[in-house]
Each structure stands twice: as structure tokens, then as C-alpha cells.
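One structure is given here, and the rest of the page talks about it.
Taken together, the values in this text are just the output of simple stated rules run on the coordinates, not laboratory data. This is a predicted model, so every value here is computed, not measured. We place every Cβ from the backbone using ideal geometry, glycine too, and count neighbours over all the protein chains shown.
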Amino acid sequence: MITFSNAKIIKPGFELYIGNIHIGPGLVLLRGQNGSGKSTFLRALAGKEILTDGSLELQSQLRLGYVPQHYKEVLQPWLSGWSNLNLLRGPSYTMARRLRQMGFPLQDLRKRPKQLSGGQCQRIAVVRELHAPSDVLLLDEPFSGMDSLSAKKTWAFFLDHVMRDNRKTILIATHLLPDDAMVRREVKEIVFTRNREDRAYLEMRDTFQL
């Protein structure tokens, strides 16, 4: 579905060597220290970062969804939370129920993004993209603005979504490690490592390792 060939990205003060990698359906964690290239990798997949060398091949007519690390960028500041939630598909009470299950007070959907907490804006952006018609979903630190309980509920949401639609690919860059239940579901991972020369490399692993 997604194939990088001899790919790398060179920027001032940083080099990311992607190499040859193939990503198919399922849930994939992107792990590594800050500045190791996880966001750059996702931006390349989203078409917002240009490869310096090599190639990226996406399956024909592949539909991508993307929630960046600065998630408020994808919310319209003049719209209410409800209008932002339904911006891609039209009114959906299923999404509202999902938000409530994730600890979001539904009365707050009347508020605009600047009146909501970071975690609330984050949940709106994530739920909206998960319910949008996409084949690949790219999420950059989707738990950074959430408390531990909300993050746990959001993990459960991801798992449920993947199990119901095993054709979708979800890539999540995060420092929040899943619990044992997720490990047993054979979550794959891509590990990013940055050396002292400011060069980062990645390794694809077929099974998640604590």
C-alpha cells in the first residue's frame, strides 16, 4: 500500500534516512526520541515534505487523513466544535457518541476552539479524521494534550476502529506506550534513532516490543 524506496530527507542540521520500507494495513506505532524524524516522516507521507532522494509510492486512489502535532491548525477557529466535527462528512451523532465515550462533555461542542482545552480540540480532530473516508490515517502525537484517562479511552477507540476495518492503515507517532492488550494484538512499530551526527534512521518491526 505504501512503499519507500532508497528514500531520504536532508534538511539544514538534520538528515532522515528512510531507506526501503513497505507499510500495509493495520496499526503502526512510530517510536523514538524527540527530533528523531517521526513528524518529518508523517509529513512526507502526507505530501507536506519533499524527499531529497528516492521515491514514495502510494497505492492508486489512496485516501489519506492527517492530524498534525499542532492539531488546532486543522480546526476552523470561527466554527463551533460541533461544526468542526462535522466539517468532512456532515452531521453525525455517531461521532458525538464517540466523543462522549472518550470523556468529552457534549455541551462543550457549542464552543469554538479557543474556548476548548487542547485535549478537547485534539479529540475533535482525531474523531473527525477516523470517521472520514480514508484508507490511511496519519496521527502525530494524538495524546499530547490529553489526560491519562482520556488517552486510554482514545487508545481503545483506535483498537476498536482497526478491528472493525482491517483494511485501514493507521500510523501513530507517540511517546505513550500501549498496554498489554494492545501488544497482544500484534501492533507493528517503526523505531527512529538519531545519532550524534544528526542523522536519523528507522527500522520496521513486525511486532511491538516493550
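When both bridge partners sit in segment 3-90, DSSP labels roughly 100% of those beta bridges antiparallel. With contacts taken as Cα pairs under 8 Å and at least 6 residues apart, the chain reaches a relative contact order of 30 percent.
What does the C-alpha gyration tensor say about the overall shape of segment 70-162? Classify as rounded when a/c is under 1.5, otherwise prolate if a/b is larger than b/c, or oblate. Don't jump to the answer; show the numbers that get you there.
Values: a/c = 1.33, a/b = 1.15, b/c = 1.16.
Here segment 70-162 falls in the rounded category.
Inter-label distance, K188 to Q59: 1.1 nm, where each label sits 7 Å from its Cα along the C-beta direction. Rounded to the nearest 20 debye, the dipole magnitude of segment 1-119 is 660 debye, with +1 charges on Lys and Arg beta carbons, -1 on Asp and Glu beta carbons, and the Cα centre as origin.
Please report the antiparallel percentage of DSSP beta bridges with both residues in the chain, rounded to the nearest 5.
50
Using the Cβ-Cβ distance between I21 and A132 with R0 set to 25 Å, the FRET efficiency from 1/(1 + (r/R0)^6) comes to roughly 0.50. Report the residues of segment 37-69 in range of a label on M204: point 7 Å along Cα→C-beta, backbone N strictly under 17 Å from it. Backbone N within reach: 38, 41-46, 54-60.
The S92 and D160 beta-carbon pair, evaluated with R₀ = 22 Å, returns a calculated FRET efficiency of approximately 0.85. In this label model, Q76 and R100 are separated by 2.5 nm, measuring between points 7 Å along each Cα→Cβ vector. Please identify the helices of the chain, taking whole runs of DSSP H, that span at least 15 Å along their own axis as judged from the Cα atoms and have a mean Kyte-Doolittle score of -1.0 or higher. Span-like helices here: 118-131, 148-164. Under a model in which nothing but the beta-carbon of Lys, Arg (+1) and Asp, Glu (-1) is charged, segment 104-167 shows a dipole of about 340 debye around its Cα centre. Taking +1 at the Cβ of each Lys and Arg and -1 at the Cβ of each Asp and Glu, which of Q61, T169, A151 sits farthest along the dipole of the chain towards its positive end, judged by Cα position relative to the Cα centre? So the residue we want is A151. Mean separation of Cα pairs under 8 Å and 6 or more residues apart, divided by the residue count, gives segment 101-161 a relative contact order of 43 percent. In this simple spin-label approximation, T3 and L176 carry label points 7 Å from Cα along the Cα→Cβ vector, and these lie 3.5 nm apart.
In deg cm²/dmol and to the nearest 500, what is the mean residue ellipticity at 222 nm of the chain if only DSSP H runs of at least 4 residues count, each as -39500 (n - 2.57), divided by the residue total? Spell out each step's value before the answer.
Numbers: 6 runs with 57 residues, N = 210.
For the chain, the value works out to -8000 deg cm²/dmol.
Put simply, when 109-121, 26-38 are sorted by average Cβ atoms within 10 angstrom per residue, most first, you get 26-38, 109-121.
What is the sum of charges, Lys and Arg at +1 and Asp and Glu at -1, for the other residues whose Cβ falls under 10 Å from the Cβ of L75?
Working: positive: K72, R112, K114, R128; negative: E73.
My count for the surroundings of L75 gives +3.
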